[in-house]
Every structure is written in C-alpha cells, then in structure tokens.
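Note sheet for the following structure.
The values are calculated or read from the model by the stated rules, or taken from the named source; none is laboratory data. These numbers come from a predicted model, not from an experiment. No Cβ is skipped: glycine too gets one built from the backbone with ideal geometry, and neighbour counts run over all protein chains shown.
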Amino acid sequence: MTSTQQQTQGAKEVEQYDVIVIGAGVTGLYALYRLRQLGLSARSFEEGSGVGGTWFWNRYPGCRFDSESYTYGYSFSEELLQEWDWKEHYSGQPENERYLNFVADKFDLRRDIRLNSRVMSAVFCEDENLWEVTIEDGRRAKAQFLVTSVGILSAGYVPDFEGKDSFTGISCHTGRWPKEGVDLAGKRVGVIGTGASGVQLITEIAKEVSHLTVFQRTANFCAPLRNSPIDDETQQEIKENYTAILEKCMETPGSFMHEFDTRSAMSVSAEERLEKYESLWQESGFKKWLSNFYDVMLPGEANEDYAEFFRDKIRERVNDPVVAEMLVPKGHMFGSKRLPCESGYYEVYNQDNVLLVDVREAPIERITPTGLKTKDAEYKLDVIVFATGFDAVTGSLSRLDIRGEGGQTLADKFANGPRTYMGVQSAGFPNLFTINQASVGNFVRAAEPLVDWITEAMQYVKQNEYSRISATPEAEAEWTKHVAEAGAKILRSQADSWYVGANIPGKARGLLTAPDTAPVMRAKRNAVSANGYDGFLLQ
Ligand code: NA7
C-alpha cells in the first residue's frame with residue numbers, strides 16, 4: 001500500500017489514505033485508476049459483493065444499455081478500446097458487468113477496493129482536516145479527500161404501500177435484483193411501474209410467466225431500441241473509428257453520438273416532417289430523440305407534433321383499442337422524461353396472459369398477503385416486482401450519514417434541494433467531492449472528465465500544500481440560483497419525474513443535475529481550475 005499509513009487507535013486500526021472513494025461502479029473504478037496515476041493513495045469501499053455499481057445491482061431480466069455500447073465504455077485507454085469487443089450495439093447487463101470486471105482486472109484495481117463494505121457514515125474531523133468513514137462492520141478509515149461515487153440512480157425507491165410486509169410471495173425492486181435470480185417461470189407476476197426499468201423487464205418476463213399484471217400510473221413514450229449483434233466487420237470499423245466516435249460524443253449536448261437537425265420541424269412541410277419521423281423511427285436507439293429537428297426538444301408545436309406521431313405508432317401496435325389508449329402518453333411532453341427504449345414492449349399487451357391496470361384511475365390501496373388490492377379489484381400474485389424507480393441523485397448521498405463542518409449533515413443541507421457549486425462540492429463540506437451531482441447525459445462520457453477534474457483538483461491541493469478545498473457559500477449560492485433559473489426552462493424539468501425529484505413524495509422539486517449541456521459544464525469547470533479554483537477556498 002503506497003503512502004498508506006496505518007494508525008493504531010486502541011485495539012482498532014484506522015487505515016489512512018489520501019482519498020476514500022465510496023463505490024466501485026463506473027465512476028469509482030475510474031477514480032481509483034486516476035488517483036493511482038497521480039500518485040495518490042486511495043481505497044474504495046463498495047457495498048456490493050462485486051464491482052460494477054449500477055451494472056452489478058440492476059440484474060433484472062432485460063436490463064441493458066440505451067446508449068450505443070461503444071459510446072458507453074471508458075475512453076481513457078486505447079488498449080482497452082481495442083481489446084474489448086462489444087457483442088451487441090446495446091449491450092445487456094451481464095456483458096456490462098463483465099466489462100467492468102475486465103477493467104478492474106486489467107488495471108489491477110481490485111487491490112484498492114474493499115467489497116461487502118457499506119459505508120455507514122462519513123464525518124469531517126475539522127482539527128485534522130480528514131474525513132473519517134465508518135464501515136458497516138465497524139472498521140474505520142481516514143482520508144484527506146472523500147469522493148462519493150455512489151451513482152445517480154442507486155438509492156432504490158419502493159412506495160410505502162400499506163401491508164407491504166404482509167406479502168407472503170416473493171417481492172423485489174429492479175435495482176436490487178437477487179444475484180441468484182428469481183424463478184418467474186409459470187408464476188403470476190405483478191409489476192408496479194412502467195419507466196425504463198419496468199419496460200425492459202416486462203418485455204422480457206412476459207415470455208415466461210404464467211400471468212402478468214402491469215400496474216401503470218403514467219404511460220410513457222417508448223421507442224424501439226432495434227438492438228442487434230455487432231458483426232466482425234462493424235467491430236473493426238468501430239475500433240478504427242473510436243477517435244471520431246468519442247470526439248463526436250464530446251461535442252453534443254448530452255454526450256451521445258447523435259446530433260440534432262438544425263432545422264425547425266415547423267419550417268418544413270408536413271410531408272417532409274413525416275418522412276423524417278418515419279426514417280428516424282427505423283433507426284436504432286436514441287436517434288429518434290436526439291437526431292430529430294432541434295425544436296422537437298423544446299416545449300411547443302414541434303414537440304406536440306412529434307408526440308402525436310409517437311402516439312399513433314403505439315396505437316398501431318396494440319390490438320385492443322382500449323388498452324392502446326391506456327398506453328398512449330397524454331399528460332407530459334415528449335422528451336420531458338427519459339425515453340425508455342424497448343424491444344417488443346407494446347406487443348406484450350396483445351398476449352392473452354397480460355393485463356394492464358391503470359392505477360391512476362384505480363390507485364393501489366394495499367399489498368395483501370396474497371397479492372395486491374386497488375380501489376377496484378384484488379389481484380392474486382406469486383411475485384411482485386417494484387419497478388418504482390430511485391430517489392435519484394441526492395438520495396444515495398442523503399442515505400449516507402455525511403457530516404461536515406459544525407456537524408451539519410448533507411441530508412439536512414439538501415432538505416430543500418441540493419445546494420452545490422457546479423455539482424462537485426457543497427459549502428461546509430471541505431474536501432468532499434459529490435461527483436454524482438454534476439453528471440450530465442451519457443454517463444461514462446460525463447464521468448471521465450468529471451473524475452479528471454476532481455482528481456486534478458486534489459493533486460493541486462496536495463502539490464500546493466493546502467489542507468482544504470471548499471466551495472465558498474457565495475459560489476454555491478450563485479450556482480444554486482443558476483440551476484433553479486436555467487433548470488426551470490428546460491424540457492426535462494417539465495414532467496413529474498426523477499429528474500426533478502417529483503417521483504419521491506415530499507422531496508423538494510428542482511432539477512437535480514446541471515442545467516447546462518455537457519460541453520458547457522466541462523468549459524465552466526475548466527475555467528474555474530484555470531483560474532486558481534475560482535469559487536473555492538484553498539486553505
Ligand atoms: P422511473 O423512470 O422513475 O419509473 C418508475 C415507475 O414507477 C414509473 O412508472 C412510476 O410512475 C412508477 N411508480 C412510482 N411510484 C408509484 C406508485 N406509488 N404507484 C404506482 N406506480 C408508481 O424509474 P426506472 O427505474 O424505470 O428508470 C430510472 C432510470 O434508469 C431511467 O430514467 C433510465 O435513465 C435508467 P409515474 O411515472 O411516477 O406515474
């Protein structure tokens with residue numbers, strides 16, 4: 001363990017590092033790699049029994065990327081890019097988990113990771129300028145810097161349904177799917193929730209269950225994924241073109257490889273518009289969303305025009321017109337929620353053994369020992385799947401007991417919404433990098449530059465022999481105001497979704513991530529560091 005000292009405190013050893021990283025998912029793994037490169041000692045404490053974060057926990061049937069696989073992988077190593085063969089254009093969870101394990105092995109990261117180690121608390125010791133974390137098993141460790149690589153969609157949310165614990169069958173949340181799997185063959189299964197996770201899961205399990213009841217509160221706009229295997233020729237092409245693919249991702253607002261059409265939908269004829277919509281419809285993945293006329297992603301006429309095209313596509317695929325109408329989204333704008341990508345989702349509702357229940361019309365009243373009761377009926381179930389989403393972005397932080405200066409908890413500080421400076425730090429929590437707060441768009445594309453920035457900030461503090469870097473209250477106030485003002489105007493703030501915390505009862509409403517595009521965020525961070533960490537106090 002380079003530059004790691006161990007202190008003996010009574011009978012218990014308190015390990016000491018330059019940096020403690022909470023989590024060994026996409027961000028945590030890369031943080032370890034970078035910190036080692038910069039000569040800083042680091043240890044990651046990971047709750048799971050394996051690495052991979054999101055791709056470790058979300059092992060529900062049907063779970064897969066909705067970004068092109070080759071835009072989601074790490075870009076930091078040309079050798080890795082050339083060595084790893086993505087097998088499908090939109091890779092599934094088992095392969096994604098294998099990839100992250102491959103990365104952990106290839107770069108020998110495991111020696112700095114302690115698995116099965118849930119962090120219970122992190123306390124800033126003001127006199128020492130060190131963070132002390134306590135692990136579930138009682139072990140403690142200290143470090144100058146703390147990085148919360150805890151993901152933005154990792155704190156699972158199960159609504160507080162009456163009688164939840166009385167159910168005698170099997171129940172689980174999509175984000176904590178058991179490693180050994182759940183035997184669904186021949187079972188009566190109920191799924192609550194039709195977001196991206198529910199849509200993927202429902203499509204897959206409808207193939208094997210004896211009966212499926214889907215409890216839907218809000219119908220979503222779902223787009224055909226059109227996944228396919230990557231053949232040898234395409235594989236070679238991808239590898240030869242990685243530089244261009246990744247450069248393109250870095251130019252676009254959400255770091256995907258798709259670019260908006262610079263024309264307004266309403267500036268072309270209705271025929272031309274339809275032709276474009278139809279050709280996009282045949283394309284795979286997010287193109288239908290992100291290669292469209294630019295104003296489809298702005299509230300207004302173009303958005304509604306495209307939404308109607310989508311609604312008609314749904315109506316065409318569902319045989320029963322009453323069921324079709326239940327599946328047609330009506331109460332929110334296209335693109336105001338993340339677009340679930342599907343592979344035969346709507347056709348599931350043409351199966352005789354699948355029932356769609358509208359729980360906005362007839363709300364869920366309680367879970368019973370044998371199933372679920374809505375206002376209108378009782379359903380007998382062997383398995384209940386909660387595809388009910390996550391307490392996004394701040395949830396995973398608030399569930400950790402993080403205490404900064406004066407004993408203030410981060411949960412208290414964020415009670416009325418997150419207060420940060422560019423998402424990376426919160427005033428009063430020196431040397432804590434809340435990295436997940438700053439993420440925008442295609443996750444790995446956003447995570448790599450973020451990790452680069454925070455690790456370089458730590459190196460700067462070390463090299464200049466400071467003991468603390470902390471966001472100033474002024475910089476934080478200004479950023480929080482910017483998030484509120486700019487955030488209120490963008491499309492993804494308009495619907496009741498996890499983007500704005502509206503999926504969690506009682507959670508303050510407000511955009512949880514940055515309102516700026518990925519290139520703007522990178523430029524803002526780079527300007528701050530180039531300016532001697534403007535907005536941060538270095539002590
Ligand atoms: P989401 O997108 O938050 O979806 C959660 C679903 O659960 C959604 O359909 C909710 O309906 C439903 N839900 C939540 N609470 C209830 C209650 N109380 N009753 C009925 N239905 C409920 O989470 P996902 O896991 O699917 O996807 C998260 C992200 O992962 C996704 O955006 C991708 O980026 C990957 P609602 O719409 O709130 O009416």
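Things to note:
- Residue within region 268-284 that is in contact (Cβ under 8 Å) with a residue 60 or more places away in the chain and within 16 Å of the ligand (Cβ to nearest atom) present: no
Matching residues to (1) in contact (Cβ under 8 Å) with a residue 60 or more places away in the chain; (2) among the aliphatic types (A, V, I, L, M); (3) not assigned by TED's automatic domain parsing to the domain that holds residue 295:
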| residue | (1), (2), (3) |
| --- | --- |
| 194 | yes, no, no |
| 203 | yes, no, no |
| 211 | yes, no, no |
| 214 | yes, yes, no |
| 221 | yes, no, no |
| 236 | no, no, yes |
| 244 | no, yes, yes |
| 265 | no, yes, no |
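- Within region 12-33, being in a helix (DSSP H, G or I) and either out of contact with any helix residue (DSSP H, G or I) (no Cβ under 7 Å at 6 or more places or on another chain) or surrounded by fewer than 21 Cβ atoms within 10 Å (Cβ to Cβ) (or both) holds for 28, 33.
- For the criterion of being out of contact with any Ser or Thr (no Cβ under 9 Å at 6 or more places or on another chain) and closer than 23 Å to residue 40 by Cα, residue 454 passes.
- Total residues in region 521-539, condition on the phi < 0 side of the Ramachandran plot and surrounded by fewer than 19 Cβ atoms within 10 Å (Cβ to Cβ): 11
- Scanning region 171-213 for residues that are within 12 Å of the ligand (Cβ to nearest atom) and either under 10 Å from residue 385 (Cβ atoms) or among the basic types (Lys, Arg) (or both) yields 173, 174, 176, 177, 190, 191, 192, 193, 197, 198, 201, 202.
- Just one of the listed residues (359, 385) is within 13 Å of the ligand (Cβ to nearest atom) and in contact with a helix residue (DSSP H, G or I) (Cβ under 8 Å, 6 or more places away or on another chain), and it is 385.
A quick yes/no check of all residues on (1) in contact with a Pro (Cβ under 9 Å, 6 or more places away or on another chain); (2) of a type in the set (Gly, Ala, Ser); (3) at positive phi:
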position	(1), (2), (3)
432	no, no, no
435	no, no, no
450	no, no, no
490	yes, no, no
500	no, no, no
504	no, no, no
514	no, yes, no
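- Single residue of 300, 335 found to be of a type outside the set (Val, Ile, Thr), without any contact (Cβ under 8 Å) to a residue 12 or more places away in the chain and closer than 25 Å to residue 500 by Cβ: 300
- Among the residues making up region 453-508, a single one is surrounded by fewer than 16 Cβ atoms within 10 Å (Cβ to Cβ) and of a type in the set (Val, Ile, Thr): 472.
- Residues in region 466-499 that are within 14 Å of the ligand (Cβ to nearest atom) and either of a type in the set (Gly, Ala, Ser) or not assigned by TED's automatic domain parsing to the domain that holds residue 19 (or both): 495, 497.
- Residues (surrounded by 16 or more Cβ atoms within 10 Å (Cβ to Cβ) and of a type in the set (Phe, Trp, Tyr)) located in region 100-123: 107
- Listed by position, the strands (runs of 3 or more DSSP E) enclosed by region 357-418 that each have at least 2 residues that are in contact with a strand residue (DSSP E or B) (Cβ under 7 Å, 6 or more places away or on another chain) and surrounded by fewer than 14 Cβ atoms within 10 Å (Cβ to Cβ) are 378-380.
- Just one residue in the set 502, 457, 447 is assigned to a helix (DSSP H, G or I), within 16 Å of the ligand (Cβ to nearest atom) and under 29 Å from residue 53 (Cβ atoms); that residue is 447.
- Selection status of residue 149, among the polar types (S, T, N, Q) and either within 16 Å of the ligand (Cβ to nearest atom) or not assigned by TED's automatic domain parsing to the domain that holds residue 460 (or both): no
- Unique residue being under 15 Å from residue 207 (Cβ atoms), β-branched (Val, Ile, Thr) and more than 16 Å from the ligand (Cβ to nearest atom) when the list is 348, 354, 323: 354
- Residue 82 meets all of the listed conditions (1) farther than 24 Å from residue 44 by Cα; (2) assigned to a loop (DSSP other than H, G, I, E, B) but one, namely (2).
- Hey, residue 75 polar (S, T, N, Q), under 16 Å from the mean Cα position of the chain (by Cα), in a loop (DSSP other than H, G, I, E, B) and more than 15 Å from residue 24 (Cβ to Cβ) or not: no
- One residue from 197, 210 being surrounded by fewer than 24 Cβ atoms within 10 Å (Cβ to Cβ) and either at pLDDT 95 or above or under 19 Å from residue 377 (Cβ atoms) (or both): 210
- Filter result (loosely packed, with under 13 Cβ neighbours inside 10 Å and farther than 24 Å from residue 442 by Cα) within region 273-294: 275, 278
- Condition broken by residue 518, with the remaining ones in (1) under 24 Å from residue 34 (Cβ atoms); (2) surrounded by fewer than 20 Cβ atoms within 10 Å (Cβ to Cβ); (3) within 18 Å of the chain's Cα centre (by Cα) satisfied: (2)
- Test: residue in region 127-144 that is more than 23 Å from the chain's Cα centre (by Cα), among the small types (Gly, Ala, Ser) and buried (at least 19 other Cβ atoms within 10 Å of the Cβ): yes
- Among the candidates 244, 223, residue that is within 16 Å of the ligand (Cβ to nearest atom) and among the aliphatic types (A, V, I, L, M): 223
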